[in-house]
Structures are given as C-alpha cells and as structure tokens.
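Participant: Next up is a structure, given as structure tokens.
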Amino acid sequence: MDITHIEHLGIAVKSFDEAIPFYENILGFKCYAIEEVAEQKVKTAFFKVGQTKIELLEATSDDSPIAKFIEKRGEGIHHMAYHVNGVAESLKELDAKGIRLIDKTPRKGAEGLDIAFVHPKAAFGVLTELCEKPE
Ligand code: ZN
C-alpha cells in the first residue's frame, strides 16, 4: 500500500446554501467546484486547504446515502480519503488480508478520481476512501 497524503475529508451537510458561506466567509476558503455525482445521489462542493481538500456532501434525494447518514448520525465528518498510488492494487492487497471492503474494484468519483471505500467496521469506525487521479 502506497498512501501519499490525505486527499480530502468528506463532510455531510444538510444544505450547501447554509454550509458553503461558513467555509467561505468564516474559514476563508474558496469553493472552487460544485459537482453532482448522480450515481451516489450527492452533490459535492470542494475547498482546498493546502494539498488536502474539504469535500462537502449534500444529498440530492431522500434515499441518498448522505441523507441516511445525516438521519442516523447528524451532520459531520462522513469519510476520510487517502490518496494512494494504485487503487486497484491496494484493494487486492486489502482483500487478500481479509479487510472488509465496500468496493472490490475502483469506480469513478467526483473530480474524475478513481475511488473505492473500505468498510468503516474494518477501519475502526471511519469510512475510509482510497483515491487517485487516473493516468
Ligand atoms: Zn470522498
């Protein structure tokens, strides 16, 4: 496994209209992209903090995983994403070690990244994402 840095933190919010002004006007970051990931029924809003990003997540439908997360646990940190060289290889390595995965193969996430999730039960309560920019 070759993790290089924390790529982003995913934060579930009820409303971009309410959350984005906090990140822009209070914390002083600039939202540089808003993108919908239809397959996941979420909208994402991105801020850069050094080489790490903050990814706000807003549900686009009541059956979105983000809507369910907020219903159960309230707004807050949803996942932690590590940038890794070789998502597919890393997944094979984890699978071989018996680590519970949500995705056994990479899929497309926001910003065109190849992403995959490790089950939070295997990562001490943290939904863990591996991601990398495809070549
Ligand atoms: Zn993410």
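The values are calculated or read from the model by the stated rules, or taken from the named source; none is laboratory data. Everything numeric in this text was worked out from a predicted model, so none of it was measured. Quick reminder, even Gly has a Cβ in these numbers, built from the backbone with ideal geometry, and neighbours come from all protein chains shown.
Participant: Could you please tell me which pairs satisfy a Cβ distance under 7 Å, a separation of 6+ or placement on different chains, a first residue in the stretch 97-108 that is part of a loop (DSSP other than H, G, I, E, B) and surrounded by fewer than 12 Cβ atoms within 10 Å (Cβ to Cβ), and a second residue that is at pLDDT 95 or above and among the acidic types (D, E)?
Facilitator: K104/D95
Participant: Moving to a separate point now. Within the stretch 93-108, which residues are within 16 Å of the ligand (Cβ to nearest atom), modelled with pLDDT of 95 or more and of a type in the set (D, E, K, R)?
Facilitator: D103
Participant: Within the stretch 74-90, can you find the residues that are touching a residue at least 60 places away in the same chain (Cβ under 8 Å) and not polar (S, T, N, Q)? Quick ask: steps written out before the conclusion?
Facilitator: Start the filter on the stretch 74-90 by keeping residues that are touching a residue at least 60 places away in the same chain (Cβ under 8 Å), which leaves 75-86, 90.
Hits for the stretch 74-90 are E75, G76, I77, H78, H79, M80, A81, Y82, H83, V84, G86.
Participant: Let me ask something else about it. Taking the stretch 109-124 as the region of interest, how many residues are modelled with pLDDT of 95 or more and in a loop (DSSP other than H, G, I, E, B)?
Facilitator: 2
Participant: Moving on to the next point. Answer with yes or no whether T60 is more than 17 Å from D2 (Cα to Cα), buried (at least 20 other Cβ atoms within 10 Å of the Cβ), of a type in the set (S, T, N, Q) and at pLDDT 95 or above.
Facilitator: For T60, the condition - more than 17 Å from D2 (Cα to Cα), buried (at least 20 other Cβ atoms within 10 Å of the Cβ), of a type in the set (S, T, N, Q) and at pLDDT 95 or above - is not met.
Participant: Same structure again: If I ask for residues that are in contact (Cβ under 8 Å) with a residue 24 or more places away in the chain, farther than 17 Å from F117 by Cβ and among the charged types (D, E, K, R), which ones from the stretch 35-52 would you list?
Facilitator: Correct list: E35, E36, K43.
Participant: If the requirement is being on the phi < 0 side of the Ramachandran plot, among the charged types (D, E, K, R) and surrounded by 14 or more Cβ atoms within 10 Å (Cβ to Cβ), which of these qualifies: K48, K72? Lay out the reasoning, then the answer.
Facilitator: Numbers: K72 fails: surrounded by 14 or more Cβ atoms within 10 Å (Cβ to Cβ).
After applying the criteria, what remains is K48.
Participant: Please find, within the stretch 70-92, the residue that is farthest from the ligand (Cβ to nearest atom) out of those that are within 19 Å of H5 (Cα to Cα) and assigned to a helix (DSSP H, G or I). So that I can check it myself, show each step before the final result.
Facilitator: The initial filter retains those residues of the stretch 70-92 that are within 19 Å of H5 (Cα to Cα), namely 77-91.
Going one step further and asking which of them are assigned to a helix (DSSP H, G or I), we end up with 87-91.
On the way: V87: 13, A88: 17, E89: 20, S90: 15, L91: 16 Å.
Selected residue: E89.
Participant: Let me ask something else about it. Just need a number here: residues in the stretch 8-40 that are in a helix (DSSP H, G or I), closer than 23 Å to E132 by Cα and of a type outside the set (D, E, K, R).
Facilitator: Let us first name the residues in the stretch 8-40 that are in a helix (DSSP H, G or I), namely 16-26, 38-40.
With the extra rule that they be closer than 23 Å to E132 by Cα, the set shrinks to 38-40.
This time we only want the ones that are of a type outside the set (D, E, K, R), so: 38, 40.
Here the count works out to 2.
Participant: Okay, next question. Which residues, taken from the stretch 47-64, are closer than 17 Å to G10 by Cα, assigned to a loop (DSSP other than H, G, I, E, B) and of a type outside the set (G, A, S)? Spell out how you get there, then give the answer.
Facilitator: Initially, the stretch 47-64 is screened for residues closer than 17 Å to G10 by Cα, giving 47-60, 64.
If we keep only those that are assigned to a loop (DSSP other than H, G, I, E, B) too, we end up with 50-51, 60, 64.
Residues satisfying the conditions are Q51, T60.
Participant: Only one of (1) outside any helix (DSSP H, G or I); (2) without any contact (Cβ under 8 Å) to a residue 40 or more places away in the chain; (3) in contact with a strand residue (DSSP E or B) (Cβ under 8 Å, 6 or more places away or on another chain) fails for A67. Which number is that?
Facilitator: A67 satisfies all of (1) outside any helix (DSSP H, G or I); (2) without any contact (Cβ under 8 Å) to a residue 40 or more places away in the chain; (3) in contact with a strand residue (DSSP E or B) (Cβ under 8 Å, 6 or more places away or on another chain) except (1).
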